[in-house]
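The values are calculated or read from the model by the stated rules, or taken from the named source; none is laboratory data. Here the structure is a predicted model, which means the values were calculated and not measured. Methodologically, a virtual Cβ is constructed for each residue, glycine included, from the backbone with ideal geometry; neighbour enumeration extends over all protein chains shown. Quick note on the areas: whole protein, heavy atoms, side chains included, nothing else; ligands and nucleic acids left out. Shrake-Rupley method; radii C 1.70, N 1.55, O 1.52, S 1.80 Å.
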Amino acid sequence: MFSGRHGKIYALFASLSICFSAVSPLPVKSCAHIIPEDPFVVLGSEFTAYCILNETCSSSYKQDARDIIWKIKNTKVPKQQYSVINSTVSSVTFNVTSLLDSFLTCNILAFEAFEQTLYGIYLKLGWPPDKPENVTCMVFNIEKLTCTWNPGRPTIQSTLFSLRTRWPHDENPFNCHANFSNSSCTIPAPNFQFYINTEIWVEAENVFGRAESDHLTLDPINIVKPNPPTILNLICTPELPNSIRIEWVPPLNSQVMPLKYLIRYRNRSEEH
């Protein structure tokens, strides 16, 4: 028994220890550790974690792996999901859902008085990337090659998309990188060439895996979208009273790419 001032100090210390252990998801002593230590877990999969007791601590608490309590979000996991491997190792297995995006802790009932958190890990959930679909490319006015694609479902975890282009017999493809929210990438000239069949595809990668789109093979000259021409003059001539002459600046040099022009017009009253 403690009395007087020392008794009050001990009571305060015990109270603080109980409160801290009840809320802390991190180890308060090196009594145990959990493997895997820093897990990335695929949603919908089955996950198993192992709590390994330090033998010295186990004898101090006078408890073993049979006494371990597993918790997620400070809620006890049903005992039916536990397995005791030996006197120092307990495991827990569950199907992973988005509700498990939280701390997983292993605990014991210390001195038969209060729950003590021994160790905790944070489950990082997500999916591997889907195969990129509908890869579509366009060359804008011979200045840049831009490709877009459908990235599939959100992966939750960071996912890197790489647009790759490769010429025949080229072992080192050119890479352009994008994140999930972008779904497009642009390669500036001169990193692509006309009149050369070019292989184009998209790769997606995160901590859960990697996926690759179907490969396209095309000549960039066949997917050029020129800028609109710039109109310089509209000229009426007495010789042709019912006609108008239009002069414009072509968007591309005809020696680079001959263009055909379609002239369209309408009455101003037809604008709406």
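Some points to look at:
Here's the yes/no breakdown for (1) over 30 Å from residue 44 (Cβ atoms); (2) part of a loop (DSSP other than H, G, I, E, B):
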position: 172; (1), (2): yes, yes
position: 176; (1), (2): yes, no
position: 181; (1), (2): no, yes
position: 187; (1), (2): yes, no
position: 190; (1), (2): yes, yes
position: 195; (1), (2): yes, yes
position: 203; (1), (2): no, no
position: 217; (1), (2): yes, no
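- As a summary of the residue check, residue 136 satisfies the conditions (1) among the β-branched types (Val, Ile, Thr); (2) under 30 Å from residue 215 (Cα atoms); (3) modelled with pLDDT under 95 except for the one numbered (3).
- Some residue of the stretch 76-83 being basic (Lys, Arg) and within 28 Å of residue 202 (Cβ to Cβ): no
- Matching entry among 200, 221, 235 (being open to solvent by 50 Å² or more (accessible area, probe 1.4 Å), at pLDDT 85 or above and either out of contact with any Phe, Trp or Tyr (no Cβ under 6 Å at 6 or more places or on another chain) or not charged (D, E, K, R) (or both)): 235
- Against the list (1) of a type in the set (Phe, Trp, Tyr); (2) open to solvent by less than 40 Å² (accessible area, probe 1.4 Å); (3) under 17 Å from the mean Cα position of the chain (by Cα), the condition residue 127 fails is (2).
- Strands (runs of 3 or more DSSP E) contained in the stretch 57-133 and holding at least 2 residues touching a Gly at 6+ places or on another chain (Cβ under 9 Å) and within 16 Å of residue 43 (Cα to Cα): 103-110
- Inclusion of residue 259 among residues that are within 41 Å of the chain's Cα centre (by Cα) and open to solvent by less than 70 Å² (accessible area, probe 1.4 Å) is not warranted.
- When residue 88 is tested against (1) free of Cβ contacts under 8 Å to residues at least 24 places away in the same chain; (2) open to solvent by less than 40 Å² (accessible area, probe 1.4 Å); (3) polar (S, T, N, Q), exactly one condition is not met: (1).
- Some residue of the stretch 143-155 being in a loop (DSSP other than H, G, I, E, B) and under 23 Å from residue 228 (Cα atoms): yes
- Qualifying positions in the stretch 169-197 - modelled with pLDDT of 90 or more, closer than 15 Å to residue 146 by Cβ, open to solvent by 50 Å² or more (accessible area, probe 1.4 Å) and of a type outside the set (S, T, N, Q): 177, 188
- Out of 253, 233, 267, 242, sole residue that is of a type in the set (S, T, N, Q) and closer than 25 Å to residue 146 by Cβ: 253
- When residue 132 is tested against (1) within 30 Å of residue 221 (Cβ to Cβ); (2) buried (at least 20 other Cβ atoms within 10 Å of the Cβ); (3) in contact with a His (Cβ under 8 Å, 6 or more places away or on another chain); (4) of a type outside the set (Lys, Arg), only condition (3) is not met.
- Filtered by the rule that a residue be under 20 Å from residue 258 (Cα atoms) and either polar (S, T, N, Q) or touching a Leu at 6+ places or on another chain (Cβ under 9 Å) (or both), the stretch 198-224 gives 220, 222, 223, 224.
- Boolean, residue 49 is open to solvent by 70 Å² or more (accessible area, probe 1.4 Å) and among the small types (Gly, Ala, Ser): no
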